[in-house]
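Trainee: Before I ask anything, here is the structure I am working with.
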There are 2 protein chains.
Amino acid sequence: MRNIKLVMQYDGTHYHGWQVQPGTATIQSVLQERIATITGEEISSIAAGRTDAGVHALAQVAAFKTTSRLSCDTLKNALNALLPGDIRITAASDADLSFHPRYDAKGKVYFYIVANMQVLSPFLHNYAWRVPQPLDLQSMCSAANFMHGTHDFTSFRASGCGAKTPIKTIFHSTIERLDSLEFMTAGLSGNFLKLRIEGDGFLRHMVRNIAGTIVEIGKGKISPDMIEKLFIAKDRRLAGPTAPARGLFLERVNYT
Amino acid sequence: MRNIKLVMQYDGTHYHGWQVQPGTATIQSVLQERIATITGEEISSIAAGRTDAGVHALAQVAAFKTTSRLSCDTLKNALNALLPGDIRITAASDADLSFHPRYDAKGKVYFYIVANMQVLSPFLHNYAWRVPQPLDLQSMCSAANFMHGTHDFTSFRASGCGAKTPIKTIFHSTIERLDSLEFMTAGLSGNFLKLRIEGDGFLRHMVRNIAGTIVEIGKGKISPDMIEKLFIAKDRRLAGPTAPARGLFLERVNYT
């Protein structure tokens with residue numbers, strides 16, 4: 001028996017998230033079908049982060065057990081030949097049989113793209129949240145700074161979140177203005193803001209709730225130090241709205 | 001009566017090209033439906049370039065006649081509110097009643113994106129042609145140079161092309177390597193090559209046939225000076241294959 005570790009990129013637009021759901025296309029179901037075609041085995045796969053519908057990934061980590069003797073390179077190339085173009089395998093390797101993509105993860109990096117513009121490029125409408133109002137970058141950076149450290153994220157937690165504890169540690173939290181994205185930004189005015197956040201774990205909708213709150217701060221509706229009050233209040237109703245899924249990307253999963 | 005000039009961006013992936021075709025979604029049909037909703041008038045629109053299915057635009061120019069008294073800004077905003085996110089209006093203005101987007105155009109700029117990589121980003125699979133083989137950039141630039149000037153483009157013309165003459169003048173023809181496209185290229189190796197070509201007019205499939213031929217030259221299958229021979233031979237069978245529509249963008253239409 002082997003345990004194959006995959007690194008995947010996907011555009012989540014046309015999928016109902018990672019996890020298998022009867023009657024709908026999900027990343028996991030499409031992946032498992034293609035693996036079955038190649039290996040002849042009905043396998044079940046595990047991912048580091050069970051991304052929601054519409055959420056994207058640049059380096060999702062998944063694993064599956066197989067008795068196939070195909071080389072990792074052959075598996076990777078066969079999968080890329082069979083998978084639709086919006087799901088790509090960037091690496092395949094043999095992992096320890098005990099490797100578990102989710103339990104073994106030491107941390108994850110997500111980023112969220114806000115398009116601060118009147119007209120959003122037709123090439124980016126599935127990859128960014130358009131916010132046409134003026135945004136104060138300095139307040140937003142200041143709010144992002146308040147995220148650092150270990151906090152109770154109950155105010156940023158979706159109802160139905162199954163995590164054991166709302167206490168999470170944020171290692172990095174930054175906002176940067178993105179330069180031109182070539183043809184995706186040609187002829188349009190405005191900025192892209194990229195909120196990047198690295199932590200030891202994330203609650204359901206946590207990054208989207210943080211993004212929604214930081215945009216409210218950018219609009220001047222909430223002051224940046226409200227973040228500290230939200231950690232203490234533990235009340236989802238006091239934070240900003242949940243930013244749409246389409247702007248969210250799982251960037252990396254760290255195992256060391 | 002007014003003649004409204006629109007500048008449009010669109011992602012052509014989900015449309016059967018510009019032109020109205022019964023039973024399918026086209027850019028023109030979607031635009032005209034939304035204009036009818038706003039003005040209450042059944043109008044017909046004209047575009048500078050009748051892009052094929054899957055071809056994109058950064059600044060397509062269209063025009064339509066209306067008796068509506070709505071301001072151009074109101075028209076633009078109402079259209080952007082009603083149109084799907086893959087079609088955007090970047091400008092609307094009153095033009096001379098005699099203005100015709102196609103007949104009045106003095107020239108057009110197209111570009112074509114080749115992804116020279118093993119694995120193409122899932123975010124770009126509708127916007128580039130993946131060519132995994134090594135490509136010699138110098139030969140390709142040299143081939144692009146041969147395009148300059150006035151030539152008979154019969155060897156690059158699709159069957160069924162209705163243009164009166166195959167003689168066209170190319171003002172600029174360049175190939176550049178694109179820098180990183182932010183999250184679209186993160187974690188992937190390889191280059192994007194952008195073939196950009198400006199001319200007084202283009203035949204059916206001309207840019208895609210030029211792109212297909214220049215890629216053959218990049219692979220070393222044809223020598224760059226074959227371009228000159230193709231102008232003389234006037235034989236479509238001697239040039240390279242037609243590059244796929246998804247890599248092609250109408251960048252600009254010039255009226256002066």
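The values are calculated or read from the model by the stated rules, or taken from the named source; none is laboratory data. Model, not experiment: these values are computed from the prediction. All Cβ positions, glycine included, derive from the backbone under ideal geometry; neighbour counts span all protein chains shown.
Trainee: Give the number of residues within region A:231-256 that are within 19 Å of A:Ser155 (Cβ to Cβ) and either surrounded by fewer than 20 Cβ atoms within 10 Å (Cβ to Cβ) or at pLDDT below 95 (or both). Working first, answer last.
Mentor: Taking region A:231-256 as the starting set, the residues that turn out to be within 19 Å of A:Ser155 (Cβ to Cβ) are A:231-243, A:248.
Checking which are either surrounded by fewer than 20 Cβ atoms within 10 Å (Cβ to Cβ) or at pLDDT below 95 (or both) leaves us with A:231-242.
The total comes to 12.
Trainee: For residues in region B:32-63 being hydroxyl-bearing (Ser, Thr, Tyr) and assigned to a loop (DSSP other than H, G, I, E, B), which is farthest from the other protein chains (Cβ to nearest Cβ)?
Mentor: Let us first name the residues in region B:32-63 that are hydroxyl-bearing (Ser, Thr, Tyr), namely B:37, B:39, B:44-45, B:51.
Then drop every residue that is not assigned to a loop (DSSP other than H, G, I, E, B), which leaves B:44, B:51.
Details: B:Ser44: 23, B:Thr51: 13 Å.
Residue satisfying both the conditions and the ranking: B:Ser44.
Trainee: When you look at B:Tyr112, is it within 12 Å of chain A (Cβ to nearest Cβ), on the phi < 0 side of the Ramachandran plot and at pLDDT 95 or above, yes or no?
Mentor: Yes: the conditions hold for B:Tyr112.
Trainee: Among the residues of region B:119-162, write down those that are assigned to a loop (DSSP other than H, G, I, E, B), within 14 Å of chain A (Cβ to nearest Cβ) and among the aromatic types (Phe, Trp, Tyr).
Mentor: B:Phe123, B:Tyr127
Trainee: Filter region B:82-109 down to the residues that are of a type in the set (Ser, Thr, Tyr) and either part of a strand (DSSP E or B) or modelled with pLDDT under 95 (or both), then identify the one that is surrounded by the fewest Cβ atoms within 10 Å (Cβ to Cβ).
Mentor: Restricting to residues being of a type in the set (Ser, Thr, Tyr) and either part of a strand (DSSP E or B) or modelled with pLDDT under 95 (or both), the top hit is B:Ser93.
Trainee: Return the pairs, sorted by first residue and then second, in which the second residue is part of a strand (DSSP E or B), the first residue lies in region B:92-103 and is of a type in the set (Asp, Glu), the beta carbons are less than 9 Å apart, and the residues are 6+ apart or on different chains.
Mentor: B:Asp94/B:Arg2; B:Asp94/B:Asn3; B:Asp94/B:Ile4; B:Asp94/B:Lys5; B:Asp96/B:Asn3
Trainee: Continuing with this model, one more query. Step by step: first the residues of region A:1-25, then only those that are within 22 Å of A:Cys161 (Cα to Cα) and under 15 Å from the mean Cα position of the chain (by Cα), then the one that is nearest to the other protein chains (Cβ to nearest Cβ). Which residue is that?
Mentor: Per the criteria, the residue is A:Gly12.
Trainee: Among the residues of region B:179-213 satisfying the criterion of being among the β-branched types (Val, Ile, Thr), in a helix (DSSP H, G or I) and closer than 20 Å to B:Lys108 by Cα, which is farthest from the other protein chains (Cβ to nearest Cβ)?
Mentor: Checking each candidate, the answer is B:Ile210.
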